[in-house]
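Computed from the coordinates by the stated procedures, all read-outs in this text should not be read as laboratory data. Please read these numbers as outputs of a predicted model, since none were measured by experiment. For neighbour counting, all protein chains shown are included, and Cβ atoms are generated from backbone atoms with ideal geometry for every residue, glycine included.
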Amino acid sequence: MTIRVGIIGTGFIGLDHGNKLVNVINGSTVTAVTDVNKTRAAEVAALLGGAKVFDNGHDLINSDLVDAVLVCSIGETHAEYTLAAIAAGKPVMCEKPLAPTTPECEAILAAEVAHGKRLVIVGFMRRYDPGYKEVKATLDGGKIGAALIMHNVHRNATVPESFTSFMTMTDSMIHEIDTTRWMLGEEITSVQVAPPKRTSKAFPHLQDPQFALFGMESGVLSTSEFFANCQYGYDVRCELVGELGTSSLVNPVVASSTIAGQDADMVPPDWRVRFGPAYTAELQAWITGLGKGEIVGPSAWDGYAATRVTEFGVQAVKTGQRVEIDYIEKPALYR
């Protein structure tokens with residue numbers, strides 16, 4: 001069975017996903033695309049083997065050419081298209097965030113619950129990274145005992161001038177928020193953000209780096225350092241500290257050299273190199289699941305919870321104070 005995917009948003013991530021669905025993933029093809037930039041949509045359609053270009057996302061979603069929908073447009077449109085896919089009864093993978101606000105996320109939850117079964121997954125690809133999976137396996141297998149502390153590091157070489165202090169939470173730490181929830185299997189109940197000494201490499205409007213402390217239901221603490229302009233590459237790490245030991249994720253070796261008596265490992269230049277295999281595994285799991293009639297991947301509840309934390313995180317950035325986080329009751333569909 002071949003799953004015919006329609007892609008909404010043909011920017012870099014839309015094209016990258018499309019290439020994987022056409023050329024790498026087993027059991028899928030791309031039959032439809034759309035973008036506000038019609039020229040770009042036509043170019044991507046040609047690159048993907050002649051997919052049909054639609055005027056808008058709603059026409060694509062309701063087309064008989066499309067079995068499943070991939071939303072890669074800007075975050076402000078995610079709720080609109082995800083809700084439309086649910087209304088059409090079609091599976092939808094939505095890149096993060098599920099939606100920028102919790103009311104929009106709650107509308108998606110309500111629509112999916114009313115539909116009676118899951119249709120939505122959210123693009124939190126780090127769950128498919130071998131390193132993260134191995135760290136989680138050491139915890140789940142009891143090797144390091146009960147978790148006490150989780151440390152996260154997320155560094156970019158540089159960011160554009162449009163990047164703001166609040167985007168640290170909504171665009172970057174949202175990944176640490178999801179991996180922390182997934183790794184520990186519980187919700188985040190508080191957040192506090194402290195500004196370390198500011199780097200001279202950041203634009204004047206950006207507080208960089210930033211440091212967040214997340215409190216968990218069980219009392220575990222999770223720290224997250226985000227450094228937007230570290231200069232040296234793309235560096236993502238985490239360490240889980242347990243009662244009996246620790247488990248750590250470090251950057252995989254992309255290339256190494258031995259010169260003049262020194263060994264050197266290359267740091268990945270960006271997220272595309274570091275997490276390319278994870279994106280592939282995420283898409284393959286989604287398509288394989290659809291072929292079996294299953295929805296495989298982070299749920300709409302996971303998307304809601306991540307957005308909820310980022311909203312309170314933005315408050316914490318503004319105030320510097322610890323902020324307590326509350327949630328709606330979790331629907332039975334996601335328990």
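Things to note:
- Each other residue within a Cβ distance under 11 Å of Leu290 adds +1 if Lys or Arg and -1 if Asp or Glu, for a net charge of +1.
- Cα-based shape type of the stretch 61-202, given that a ≥ b ≥ c are square roots of the gyration tensor eigenvalues and the cut on a/c is 1.5: oblate
- Order of His151, His175 under a 10 Å beta carbon neighbour criterion, fewest first: His151, His175
- Sites listed here are trypsin sites (Lys or Arg not before Pro) in the stretch 229-306 whose DSSP assignment is loop and whose Cβ has at most 14 other Cβ atoms within 10 Å: Lys292.
- Checking the cross-link pairs Lys52/Lys90; Lys38/Lys117; Lys136/Lys197 against a 25 Å limit on the alpha carbon distance flags Lys38/Lys117; Lys136/Lys197 as lying beyond it.
- Principal semi-axes in Å for the chain [√(5λ), Cα gyration tensor, largest first]: 32, 24, 21
- Trypsin sites (Lys or Arg not before Pro) within the stretch 174-236: DSSP coil, no more than 12 neighbouring Cβ in 10 Å: Lys197
- Counting only Cα atoms, the stretch 169-227 measures 38, 18, 13 Å along its principal axes, largest extent leading.
- Within-12-Å neighbourhood charge of Ala84 [Cβ basis; K, R +1; D, E -1]: -1
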